[in-house]
Amino acid sequence: MDMNKQDMHMDHSMKMDHNMNMKHDDMMDMGGGHMMHMDNFKRRFWISLILAIPILLLSPFMGIVLPFQLTFPGSQWVVLVLATILFFYGGQPFFSGAKEELKAKAPAMMTLISMGISVAYIYSVCSFIMNTFVDKHVMVMNFFWELASLIVIMLLGHWIEMSAVMSAGSAVKKMAALLPNTAHLIQPDGSTKDVPLSDLMVGEEVLVQAGEKIPTDGVVVKGTSAVNEALVTGESKAVTKKVDSKVIGGSINGDGALTVKVTETGKNGYLAQVIELVADAQKEKSKAETVADRVSRWLFYSALSIGILALIVWTIISGFSYGLERMVTVLVIACPHALGLAVPLVIARSTSIAAQNGLLIRNRQSIEAVKKLSYVFMDKTGTLTEGVFTVNALESLSDLTKQEVLQILADLEVNSSHPLAVGLVRTAKKEGVTVVPAQNVDIMQGVGVKGTIAGKDYAIVTAAYLKAHNMAYDQAQFDKLAGQGNSVSYLISGDQVLGIVAQGDVIRPASFELVKHLRAMHIVPVMLTGDNDLAAKRVAHELGDIAYKAQLLPGQKEEIIKEYQAKGNDVMMVGDGVNDAPSLSRANIGVAIGAGTDVAIDSADVVLVKSDSEDIIDFIDLAKATNHKMIQNLWWGSGYNIIAMPLAAGVLAPIGIVLSPAIGAIIMSLSTIIVAINALTLHMRR
């Protein structure tokens, strides 16, 4: 058999309560690992702005008295006091971030900002002391005006950044809001009682009225209705639900009433896990962000070097005072905190768009891996094919009757979610067979399943297993059935072959488009399957003679992935996430197709909620667009420094062009806004 899996329930550790309330004031990550509450940060900005206004009115701009500037006896003391408060209060988040960066021996954005405002403040205090106590007749220019404007602009930039990230992450909050606050719990006497979702327990039953949101994952025990799962799974078509149908918390009930038995609550529910996936993806560090940190580090050392060089050169030319002023100017304006926004905001936006379109990106590095993607390996059953099998041939090869062979096969497979197993059980029930689960059922990885029925051991295996164990079978019969595109399995007990079953599958219509698009992108599609060679060959031929490898065990699939990677290729593996777990984990990009409540997603980087293989193309397109935006933002976030720092150092001073800290800060702030807008323009192509 191609893949043999048992139902597996996702069991992730959640960092949210049962109600999954994603509040707007959630903590967001600033540079250097510093965390700050959104509301506190906003309040810090407004208080800093209030402190800055008098400073801007009472102090000169680069030594120039502005038309709106006010002075009065003692005004310089007011400026000093307010600037000191502003420096320590408004600069606190930057100092905390810089501390974390320096502790990690990785100076970056927060270190740059802290260096800029610290140099401006210390220089200005020294200027105040010189002008007030040492020599009142020699005016030493201070940077209080620049300090105030710089801190406020930096805080404003980070507020813009945090607000933009919150906006980009709104899909998470929207998904959390899909769940109602309460559920109609059915009491023992048949009445209902409204209870909070957190009070629900597995096994209890709830009533879902027409038009209401389904409060939790469960199974319908009474009623029939059409349920809209679009906001949860991305599937736009209403899904008919009846007794024994599974329902997902957050989907919307149609015009019929449903009684639902609770199967999952809180952190174990499908929607909760979707939210965790999206949230985790937005928090993770990506490879491109490491590049951004390296750029920031380069700017830190460049600013320090250029600043010191400016100090030395201008001290020689115009004296220490002017040299120090030039160094301060360089250090003040070299604060590229837009880099902190450049990559995370694009990734957050991309993750949000993907989630809204049924693509759950667990690992952000998978987005960047698309840049060098060379091969896409795909499982056959349920990925390239529909995964809906019908029994095309069933024969007894022993003294058992066909009915008895079917009975044993169904008993062994009844608790499996594998498409072949589902097809067998469905056929058995149609034939009137009463299915009784076998005991001691165990998966034989890449081979089949074994178990005990009425004290006797049985197993369902492949022809390859028979050959490996020197068990006789009719090769001509196998070739005929397999050549018709069937997956052929054998029922055995000990060393005796008891029966043969052949099941057929059909290729998904979307698979043809998938292969066509991959080839157009110069990406090679390859099919990996545990099925027999003849069945695999038929599917590969119908898909346009794609490359394939058949009769593979899970470990062999992983080895093939490793072989291709060893040759310098970046590869994607697409499978169901259970039996393909080793290869999904090994691949540069692991994609699990089929994101129901029972699918195991731990090994995948990306989950396709709608089980539509064509979504692979959407993911690749979105990832390429995301990478393009990241590169653009990295340039916007740091490129201006290439010009700004030399100008601040006074390279063009001989022709009258000198860049002030305030102008540099304004340019930096504009780059931040551009970065935010550029990231938010990311969208799906179709």
Which ones in segment 356-391 are open to solvent by 50 Å² or more (accessible area, probe 1.4 Å) and at pLDDT 90 or above?
Tyr375
Out of all the residues in segment 493-542, which are within 28 Å of the chain's Cα centre (by Cα) and of a type in the set (A, V, I, L, M)?
Ala510, Leu514, Val515, Leu518, Ala520, Met521, Ile523, Val524, Val526, Met527, Leu528
Determine whether Ser163 is at pLDDT 85 or above and part of a helix (DSSP H, G or I).
no
Open to solvent by 70 Å² or more (accessible area, probe 1.4 Å), at pLDDT 90 or above and touching a strand residue (DSSP E or B) at 6+ places or on another chain (Cβ under 6 Å): is that true of Lys549 in this structure?
yes
Long-range neighbours under 7 Å by Cβ, at least six apart or interchain, first residue closer than 14 Å to Val526 by Cβ within segment 538-562, second at pLDDT 90 or above and in a loop (DSSP other than H, G, I, E, B)
Ala540/Ile546
Taking the condition modelled with pLDDT under 80, within 27 Å of Asn678 (Cβ to Cβ) and buried (at least 24 other Cβ atoms within 10 Å of the Cβ), does Gly637 pass?
yes
Can you tell me which residue within segment 82-97, out of those that are open to solvent by 10 Å² or more (accessible area, probe 1.4 Å) and not aromatic (Phe, Trp, Tyr), is farthest from the chain's Cα centre (by Cα)?
Leu82
Candidate set from segment 33-81 (those that are open to solvent by less than 30 Å² (accessible area, probe 1.4 Å) and among the aromatic types (Phe, Trp, Tyr)); member that is modelled with the highest pLDDT
Phe45
Just to check your reading of the model, which residue among Ser296, Ser286, Ser305, Ser318 is at pLDDT 65 or above and open to solvent by less than 20 Å² (accessible area, probe 1.4 Å)?
Ser296
At pLDDT 90 or above, in contact with a Leu (Cβ under 9 Å, 6 or more places away or on another chain) and either more than 17 Å from Val447 (Cβ to Cβ) or not aliphatic (A, V, I, L, M) (or both): does that describe Leu514?
yes
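The values are calculated or read from the model by the stated rules, or taken from the named source; none is laboratory data. Computed from a prediction, not measured in an experiment: that's the story for all the values here. Every residue, glycine among them, receives a Cβ derived from its backbone with ideal geometry; neighbour counts consider all protein chains shown. The area values use the complete protein model at the heavy-atom level, side chains included, leaving out ligands, DNA and RNA. Shrake-Rupley method; radii C 1.70, N 1.55, O 1.52, S 1.80 Å.
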